[in-house]
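Have a look at the structure below, then the notes.
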Amino acid sequence: SFTMTATCDGGTATITGDVGGSFTFNPVPGDGATVDATTGTITNGVAGTSYTLEYTISGACGDSSTETVTVLSSADASFTMTATCDGGTATILGDVGGTFNFNPLPADSAVIDVTSGTVTGGTPGANYTIEYTISGACGDSTTQPLTVLTSADASFTMTATCDGGTATIVGDAGGTFGFNPLPGDAAVIDGTTGTVTGGTPGVSYTIEYVISGACGDSTTESVTVLTAADPSFTMMATCDGGTATITGDIGGVFTFNPIPGDGALVDGVTGTISNGISGTSYTVEYTISGACGASSTESVTVLNADDASFTMNPSCDGGTATITGTVGGMFTFNPVPGDGALLDAATGTVTNGITGSTYTIQYTTSGTCPDDSTQNVTVLSAGDASFNMTATCDGGTATITGTLGGI
């Protein structure tokens, strides 16, 4: 007599009767299982298969008996891992009831749920090895590798332009750009490139970049549209050109456009025109450089200068003036004589002059663009009517001692 105890690949025999017998299969299996004839230990058996052993004691009073044993079923620790954005999830394909663990333990902060096998807190792109162990007489364990999914990087930058901005992706390409929130003006955005156009100068817009997928990401950036340069200015006419007053942004450059050929000059910084010709019009352009530069033009007509021309006609005690240019000016001696001669400031008439003396007269106008000029006048020599008389028998004869030609 003997008993059999099942094992994971066969069984073991315990002799309860007399030792010294021999164990054999009866019947002999065809699956490769073997039996130790002395101990009755079955190995290499197939899980779930039943084997019959016969124990035979030889001799005159020998005996034999049989026992059947069914090989225990081995546990199935098969499973799969599905990567997630911060770890992974396990799916048991074999037997439930086992325990999950890292093997080896990771050096980061990843954790694993021993019951479900769910890994969390993992590092994107990191590799972990997961072991699933089923305890028991015929326990089992298997391992599966896990590589955490790489999270999308939606980082980008915005560069302001004169009517919006341009986006530069510094993370992952393939996402979509949009306004968040939507603006209330006419600004538009290209969903692929992130370029904003039609924006209002000085207005800020918030741009969102979204990458879809299991480990998608989204970020936002703001951009403030650059303020366009204001090249506005005015010109005020002067007597030889004009002066500029900037009413927009300073820092630009003034030039003629077109360039005159008459010698007029313009100061590039102030816009002041000089050496211009009276009555001539000049066009000045003011240009502000830069990303949002601009330019504008203004015309100015040089003021007409006064004409201080006049003539002098000598008289017996001075002279008279005739204005041939701009009336309304004032006459003065230049230099002032010391002989008592007099000058009418309004008419230019010289009186009380000395015969034969020369006087210089200056005429100065009083308009916006005044002028002055000088003329000389020499006082006429007075006639000498002196004569004497010599008596005769019937009258007398005259002898002119002064100027001839009188009566």
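The values are calculated or read from the model by the stated rules, or taken from the named source; none is laboratory data. Since this is a predicted model, take the numbers as computed values, not measurements. Don't worry about glycine lacking a Cβ; one is built from the backbone with ideal geometry, like all the others, and counts go over all protein chains shown. The protein model used for the area step is the full one, side chains on, heavy atoms only, and it has no ligands, DNA or RNA in it. Shrake-Rupley method; radii C 1.70, N 1.55, O 1.52, S 1.80 Å.
Could you list all residues from the range 359-381 that are open to solvent by 70 Å² or more (accessible area, probe 1.4 Å) and either in a loop (DSSP other than H, G, I, E, B) or among the aromatic types (F, W, Y) (or both)?
Of everything in the range 359-381, those that are open to solvent by 70 Å² or more (accessible area, probe 1.4 Å) and either in a loop (DSSP other than H, G, I, E, B) or among the aromatic types (F, W, Y) (or both) turn out to be S366, T368, P370, L380, S381.
Give me the residue from the range 182-239 that is touching a Leu at 6+ places or on another chain (Cβ under 7 Å) and within 30 Å of S151 (Cβ to Cβ) and, out of that set, surrounded by the fewest Cβ atoms within 10 Å (Cβ to Cβ).
Among them, the one singled out is A214.
Hey, among L93, L72, L105, which residue is open to solvent by 60 Å² or more (accessible area, probe 1.4 Å) and touching a Phe, Trp or Tyr at 6+ places or on another chain (Cβ under 7 Å)?
It is L93.
Which numbered condition in (1) of a type outside the set (S, T, Y); (2) buried (at least 16 other Cβ atoms within 10 Å of the Cβ); (3) modelled with pLDDT of 95 or more is the only one that D317 fails?
Failed condition: (3).
So the check is Cβ under 6 Å with 6+ separation or different chains; which pairs have a first residue in the range 367-388 that's closer than 24 Å to N334 by Cβ and a second one that's assigned to a loop (DSSP other than H, G, I, E, B) and open to solvent by 80 Å² or more (accessible area, probe 1.4 Å)?
L380/C316
Before we move on, is D113 surrounded by 13 or more Cβ atoms within 10 Å (Cβ to Cβ) and without any contact (Cβ under 8 Å) to a residue 24 or more places away in the chain?
Numbers: surrounded by 13 or more Cβ atoms within 10 Å (Cβ to Cβ): yes; without any contact (Cβ under 8 Å) to a residue 24 or more places away in the chain: yes.
Yes.
Which one is farthest from P201 (Cα to Cα), of the residues in the range 267-282 that are open to solvent by 40 Å² or more (accessible area, probe 1.4 Å) and part of a strand (DSSP E or B)?
The residue in question is S274.
For residues that are at pLDDT below 95 and of a type in the set (D, E), tally how many sit in the range 372-395.
1
Which of the residues spanning the range 135-150 are open to solvent by less than 50 Å² (accessible area, probe 1.4 Å) and in a loop (DSSP other than H, G, I, E, B)?
Scanning the range 135-150 gives C138, G139, V148.
Of all residues in the range 384-396, how many are open to solvent by 70 Å² or more (accessible area, probe 1.4 Å) and more than 25 Å from C316 (Cβ to Cβ)?
5
Considering only residues that are in a loop (DSSP other than H, G, I, E, B), of a type in the set (A, V, I, L, M, F, W, C) and touching a residue at least 24 places away in the same chain (Cβ under 8 Å), which ones fall in the range 239-263?
Matches in the range 239-263: C239 only.
Taking the condition of being part of a loop (DSSP other than H, G, I, E, B) and surrounded by 10 or more Cβ atoms within 10 Å (Cβ to Cβ), how many residues in the range 397-407 meet it? Explain how you work it out, then say what you get.
Keep residues of the range 397-407 that are part of a loop (DSSP other than H, G, I, E, B), which gives 401-407.
Still in the running and surrounded by 10 or more Cβ atoms within 10 Å (Cβ to Cβ): 401-403, 406.
So the count comes out to 4.
Consider the range 140-161. How many of its residues are under 9 Å from the mean Cα position of the chain (by Cα) and among the hydrophobic types (A, V, I, L, M, F, W, C)?
2
Which numbered condition in (1) open to solvent by 60 Å² or more (accessible area, probe 1.4 Å); (2) modelled with pLDDT of 95 or more; (3) more than 27 Å from N275 (Cα to Cα) is the only one that M330 fails?
(3)
Name the pairs whose Cβ atoms lie under 9 Å apart, with the first residue in the range 276-303 and free of Cβ contacts under 8 Å to residues at least 24 places away in the same chain, the second small (G, A, S) and assigned to a strand (DSSP E or B), and 6 or more positions between them or separate chains?
Correct list of pairs: S281/S299.
Would you call D249 out of contact with any Cys (no Cβ under 9 Å at 6 or more places or on another chain) and of a type in the set (D, E)? Walk me through it before giving the result.
Details: out of contact with any Cys (no Cβ under 9 Å at 6 or more places or on another chain): yes; of a type in the set (D, E): yes.
Yes; evaluated as a whole, the condition is true for this residue.
Mind checking which residues of the range 283-307 are within 30 Å of T365 (Cα to Cα), part of a loop (DSSP other than H, G, I, E, B) and open to solvent by less than 40 Å² (accessible area, probe 1.4 Å)?
Result: V302, D306.
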